[in-house]
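Since the structure comes first, as structure tokens, the remarks are kept for the end.
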Number of protein chains: 2
Amino acid sequence: MANRSYHHGDLRAALLEQAGRTLREKGASALSLRELARDLNVSHAAPSRHFKDRRALLDAVALLGFARMAEALAKADPGPEAGFRARLEALARATVDFAVSERELIALMFSSKADTDALDDMHEAWMRLAAPVYAAIADGQRTGDVHAGDVERIAYSAFFTVHGVANLASIGVIPEADIDQALGDALDHLVRGLRP
Amino acid sequence: MANRSYHHGDLRAALLEQAGRTLREKGASALSLRELARDLNVSHAAPSRHFKDRRALLDAVALLGFARMAEALAKADPGPEAGFRARLEALARATVDFAVSERELIALMFSSKADTDALDDMHEAWMRLAAPVYAAIADGQRTGDVHAGDVERIAYSAFFTVHGVANLASIGVIPEADIDQALGDALDHLVRGLRP
DNA sequence: ACCTGAACACCGTTCAAGT
DNA sequence: ACCTGAACACCGTTCAAGT
């Protein structure tokens, strides 16, 4: 209770960080602004200076999640030299790993947000996420692994499958022990389906 | 306020029905037991007789959702006579239609439920849902449209793709106008990938 | 500019008591 | 068996007031 004006005015960042922690531990529905404020030793009304309401805070956390996921994908991308199948597999595995290790975050990121006005930011984050997949498909077309056609549409189609595995693995429909096999099966079908 | 002992003791059913309505209109996070009770003219403590807590009510609603989705899929299944591609397409379209027209319900059904003890019921509901897909894959193997192998694994692989489209369409990542095209692309790749 | 304290209108859950 | 009323410990949001 000794330190006033918490964190040099960096309450916003502190809130986001703490929100990320409690999200991971207890899920979005159990995240309360008042508890966050308590954890950071500020009054319960303080968060409203930085986020207009609970939804705005959660949107900001989701946006950070997209950035982190994009970074994870970019880091996992072995580049075109690895070969098409290996590259797609690396990207897919990184996606599924992220979804499984950040269940609550991914649930927040991919929960309905139709009425949100923060949709432009989301779209940009999404583009960054999709970039390595686009690159993989485009390179696949050059190496003869992928049939001709609109890169974006083909990339989306690939993403559907990977997202399906990631989502179902994340919520436990696919048992932890079967995830590798399930992803392998999905990739086998996907790679064959993409061939010229 | 005149009618006491609401609905001949069928408060449980009335709660589920009303919960379904407010879920559709305002989403799971905005569903309050007290508001439900108000809508049904019972005291705010009444629901606890039929559902031990809020989570139990939502689980029951999700379970009904699986039953309804299974029914929708069974009804949409044209049977083996339609041919493999047409059959798979009918099932996929029914899945996506359900996901888009029942956004909030599908979000509830496919939200993390790892710690729930109502997991056995969920598993049974899931099996009913998967039945037509299993049948389509098994028949596809007989007609030479699908490669040999474990039916369950192949069916799951098909489901990943369709679920991916359904989920992303449901939350608005795929714009409404592009859903048909996206599903078409996904099915093209899937059917090719499944071939012997 | 940023935070506090009090106030308002909500919650879920529990439990004695009523019918 | 089923429901009520009161109580408890929470919420999100707003707004005057402080620094």
At q = 0.15 Å⁻¹, work out log10 I(q)/I(0) for the stretch B:103-196 with the Debye formula, treating every Cα as an identical point scatterer and leaving solvent out; two decimals please. -0.72
Output the 0 to 90 degree angle, nearest 10, between the alpha-carbon long axis of helix B:119-142 and the longest principal axis computed from the alpha carbons of chain B. 20 degrees
To the nearest 10 square angstrom, what accessible area does residue B:111 show with a 1.4 Å probe? 40 Å²
For chain A, compute Rg over Rh where Rg is the Cα radius of gyration and Rh is the Kirkwood radius from the inverse mean 1/r over Cα pairs. 1.06
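Multiply the residue gap between residue A:120 and residue A:181 by 0.36 nm, knock off their C-alpha separation, and tell me the result in nm, one decimal place.
Length gained between residue A:120 and residue A:181: 18.3 nm.
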At a probe of 1.4 Å, how much accessible area disappears from chains B and A on forming the pair, both sides counted, to the nearest 100 Å²? 2800 Å²
Can you give the accessible area of residue A:176, probe radius 1.4 Å, in Å² rounded to 10? 120 Å²
Taking only the alpha-carbon positions of the stretch A:40-105 and ignoring solvent, what does the Debye formula give for the base-10 log of I(q)/I(0) at q = 0.17, 0.19, 0.20, 0.29 Å⁻¹? -0.70, -0.78, -0.82, -1.15
Accessible surface, the stretch B:52-194, averaged per residue in Å² (probe 1.4 Å): 42 Å²
If I fit a long axis through the Cα atoms of helix B:11-26 and take the longest principal axis of the Cα atoms of chain B, what angle between them do I get, 0 to 90°, rounded to 10? 60 degrees
Between residue A:48 and residue B:97, what's the calculated FRET efficiency when r is the beta-carbon distance and R0 is 35 Å? Round to 0.05. 0.30
Long pairs among A:75/B:26; A:26/B:26; B:52/B:75; A:26/A:52; A:52/B:26, criterion Cα-Cα beyond 28 Å: A:75/B:26; B:52/B:75
Angle in degrees between helix A:84-101 and the longest Cα principal axis of chain A, rounded to the nearest 10: 30 degrees
Kirkwood Rh over Cα pairs of the stretch A:23-64 into Stokes-Einstein at 10 °C, 1.306 mPa s: D in µm²/s? 149 µm²/s
Using a 1.4 Å probe on the protein heavy atoms only, what accessible surface does residue B:161 show? Give it in Å² to the nearest 10. 10 Å²
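If you build the Cα gyration tensor of the stretch A:79-152 and take the root of 5 times each eigenvalue, what three semi-axes come out, in whole angstrom, biggest first? Don't jump to the answer; show the numbers that get you there.
Details: eigenvalues 153, 56, 14 Å².
Equivalent-ellipsoid dimensions as semi-axes: 28, 17, 8 Å.
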How big, in percent, is the set of alpha carbon pairs in the protein assembly as shown lying more than 37 Å apart? 27 percent
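Given the -39500 (n - 2.57) contribution per DSSP H run of 4+ residues, what per-residue ellipticity at 222 nm results for chain A, rounded to the nearest 500 deg cm²/dmol? List each step's numbers first, then the result.
On the way: 8 runs with 131 residues, N = 196.
That calculation yields -22500 deg cm²/dmol at 222 nm.
The values are calculated or read from the model by the stated rules, or taken from the named source; none is laboratory data. The structure displayed is predicted, hence computed values, not measured ones. Cβ: placed from backbone, ideal geometry, glycine included. Neighbour counts: every protein chain shown. Side chains are part of the model used for accessible areas, which takes the heavy atoms of the whole protein and leaves out ligands, DNA and RNA. Shrake-Rupley method; radii C 1.70, N 1.55, O 1.52, S 1.80 Å.
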